[in-house]
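Written out below as structure tokens is the structure these notes cover.
The values are calculated or read from the model by the stated rules, or taken from the named source; none is laboratory data. Nothing here was measured: the structure is a model prediction, and the numbers come from that model. Quick reminder, even Gly has a Cβ in these numbers, built from the backbone with ideal geometry, and neighbours come from all protein chains shown. Keep in mind that these areas ignore ligands, DNA and RNA; they rest on the heavy atoms of the full protein, side chains included. Shrake-Rupley method; radii C 1.70, N 1.55, O 1.52, S 1.80 Å.
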Amino acid sequence: MSVVNFVGARERCSSSKLLERFKGTLKKGELQGLFSQGELVAVKFEAGERDNLRYVRPLLVKAVVDVVYSLGGQPLLVDTLSMGSKASEVGRRWLEAVVLHGFDVTSLGKSPMLADGYTGEEEMLVQVDGEELGGVEIARAVAESQALVVISHVTAHPFAGLSGALVSCGVGCASLRGKERIHAPLRPLFVQDRCDGCGQCEKHCPHDAVRLKDDRPSLDDKRCKGCAYYCTAACPVGAVVIDGRSARRFQRRVVDSALAVTGALQGKVYYVNILMDVCPYPDCYPFSDVPFVSDSGILMSHDPVALDSATLNVLDESSGIRGSIAEESESLGSSDDKLLHITGVDPTSMIAYAKKLGMGSDSFEIRKA
């Protein structure tokens, strides 16, 4: 049975500050034995899309950096490029997001860097025995570190169901080429009887893969990179969709990639899931929407299967917030499968596949700090 440590979000007095309890749990938990004195420890966070208003708080990232320092490690604060821009713009947009969202040396005590380089081409091909992938390109600075801490801003995910430890490790630690390999099954489908010909899908596709002809969209398959977040998010009438089979293939590729990352790091990976500002869409989305449950706190473990399973349990037990997508999807009460109702994608299938590949156990014990 795996241990999942939990730090609740409530702060009732000065001695119960979330930051102090978080740091204390990190120091006393499995993080202490993750690396040796002087070893390079990659701390993976996500700066978020430039116009996204919900992302992990810089102070929580700094807390992890501080603890790694205190335990004798040498932290390397890293992020990777997203697929949401043209090749000529990806590095510039990341730098803008870092500054706008407060992830700089002043707030963090250390400058963040791109683990896959300014153009996303610094990578290492790591072999993996998955059902979908035989190998995936991992960001070089991640693959060449001695240990890794994956910080996840937990959200729903339109194609994985849950954006937590598995997604942040599998997608977040891949280079641009690796991300394209993971997202390859996600080709948008256009429901023509819903389409009103507004052209927003064409406007917001970062790779010019969607074209309108006679007010009807079509896909240039050679240009499409599978970054379906942008065309589906752009449609105001729900006429751009991804089919269920493609979403399941994406889930498996996420896990295959996460397995490659843990293999490259020889299993020396620790995961931190932050359940604050839990929104319908991941941080790579061009917008965020309002949270659909109240802040719960922080869950952390060396086992990503147990951690994401525990995260689902916490979300299922949480009451939804009125006026959010939880109300729209009739998921206001404490009930099973909240994220399935919100996204239409079952995150437990991704977690079950990770268990099948030996990434962890869905049997866990939550220990409260």
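Brief remarks follow.
- Filter result for Leu299 (assigned to a helix (DSSP H, G or I), touching a strand residue (DSSP E or B) at 6+ places or on another chain (Cβ under 9 Å) and farther than 25 Å from Gly178 by Cβ): no
- Being among the aliphatic types (A, V, I, L, M), closer than 19 Å to Pro282 by Cα and surrounded by 19 or more Cβ atoms within 10 Å (Cβ to Cβ) is true of Ile325.
- The one condition from (1) modelled with pLDDT of 90 or more; (2) within 15 Å of the chain's Cα centre (by Cα); (3) among the hydrophobic types (A, V, I, L, M, F, W, C) that Ala247 does not meet is (2).
- Residue within segment 251-258 that is assigned to a helix (DSSP H, G or I), in contact (Cβ under 8 Å) with a residue 24 or more places away in the chain and open to solvent by 50 Å² or more (accessible area, probe 1.4 Å) present: yes
- Among residues of segment 25-44 that are assigned to a helix (DSSP H, G or I), those with a beta-carbon under 6 Å from a residue that is open to solvent by 60 Å² or more (accessible area, probe 1.4 Å) at least six positions away or on a different chain give the pairs Thr25/Ala369; Glu30/His302.
- Some residue of segment 91-105 being open to solvent by 30 Å² or more (accessible area, probe 1.4 Å) and among the β-branched types (Val, Ile, Thr): yes
- The set of residues from segment 180-226 being surrounded by fewer than 17 Cβ atoms within 10 Å (Cβ to Cβ), over 28 Å from Leu133 (Cβ atoms), out of contact with any Lys or Arg (no Cβ under 8 Å at 6 or more places or on another chain) and of a type outside the set (Asp, Glu) comprises Val191, Arg194, Cys198, Gly199, Lys203, Arg211, Leu212, Lys213, Arg216.
- Test: residue in segment 76-84 that is in contact (Cβ under 8 Å) with a residue 12 or more places away in the chain, closer than 19 Å to Asn273 by Cβ and outside any strand (DSSP E or B): yes
- Only residues that are open to solvent by 10 Å² or more (accessible area, probe 1.4 Å), over 30 Å from Val90 (Cα atoms) and in contact with a helix residue (DSSP H, G or I) (Cβ under 7 Å, 6 or more places away or on another chain) were counted across segment 277-313, and they come to 4.
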